[in-house]
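All of the numbers you see were taken from the coordinates with simple rules; none came from a lab. Worth saying up front: this structure is predicted, and the values here are computed from it rather than measured. Every residue, glycine as well, gets a Cβ built from its backbone with ideal geometry; the counts of neighbours run over all protein chains shown.
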Amino acid sequence: MSSDAGSIPAASKIFFRKMTAKKTIRILCTTASLLAGLTLILAAAGASGPRELKTIVIDPGHGGLDTGAKGKFGTMEKNITLAISFKLKALIEQNLPYRVILTRDKDIDVSLENRSALANNNNAALFISIHANASFRKKAQGSETFFMSLHASDEETRKLAYMENTSSELEKRIEKENKDEVKMILWDMAQSSYIKQSSKLAEIIQEELSADPNLKTENRGIKQAPFKVLTGVACPAVLVEMAFISNPDEEQKLAKEDFQKKIAEAVYQGLKKYTKLFS
């Protein structure tokens, strides 16, 4: 009996060792699975880049009764912006896996508020407003790209923003309540890092516009201005002034199909580089 009694504990030890080993393996496997799941959750929660690009909104400036600036030879800004926006839309859709929406696809009036609302209602990831510049100085030339700020970079930029903001509404100033609204939107944008991303997008697009030897446009750099069309957009947003329609030489360039294609290509290349940086 003594030998049998002594063998029971030994067998029990082996049995419990096997059970403990199996339990340990199950625990380790469960822990590994939990850690893997936690890693995925943290990676998703910790993503610091902008939202995944799905929809890009292109805004052809002006339209309808709002002709925008008009050149010496009768070229109207609203027609140039629409033509180049169509070309840019085609390039994006042909080469990038994103949906593209135009704020207008014909010669119609669209309020600045409705342009922003269209972008937000379609959960736009990027907003690009296309314009042709104008100045009282007939020799003013070149391209420049803007992103949102409550204060303009300089006096000339302030005047440009004023003209763009009031071209269809004939306002003499931005009302105090609108300033308060801009401040609130800027706060929201700052919290979401949109201003920083808008600055980067403006920088890359402007680099492409100035680097293309075929365009031969002066690089006027990137600037900040309180453009109303940018204030209500809840995503990185820029406004591109392609060239000066008030300059007779650049007006003639803007009216040419080949120049329009080159402008669209430069903006597209900038957009492509930006999406690679933040994808």
Which whole-number percent of Cα pairs in the range 96-141 have a distance greater than 18 Å?
44
What spacing in nm lies between the two simple spin-label points modelled at S111 and A211, each 7 Å away from Cα in the Cβ direction?
4.0
Only loop residues by DSSP count here, and only those with at most 16 other Cβ atoms within 10 Å; note down the GluC sites (Glu not before Pro) in the range 52-141 that meet that.
E52
Output the peptides 65-75, 129-139, 205-215 sorted from most to least packed, where packing is the average of other Cβ atoms within 10 Å over each peptide's residues.
129-139, 205-215, 65-75
Charge sum, other residues only, whose C-beta stays under 12 Å from Q260's C-beta, Lys/Arg counted +1 and Asp/Glu -1:
+2
Ranking of F127, F86 by count of other Cβ atoms within 10 Å, fewest first
F86, F127
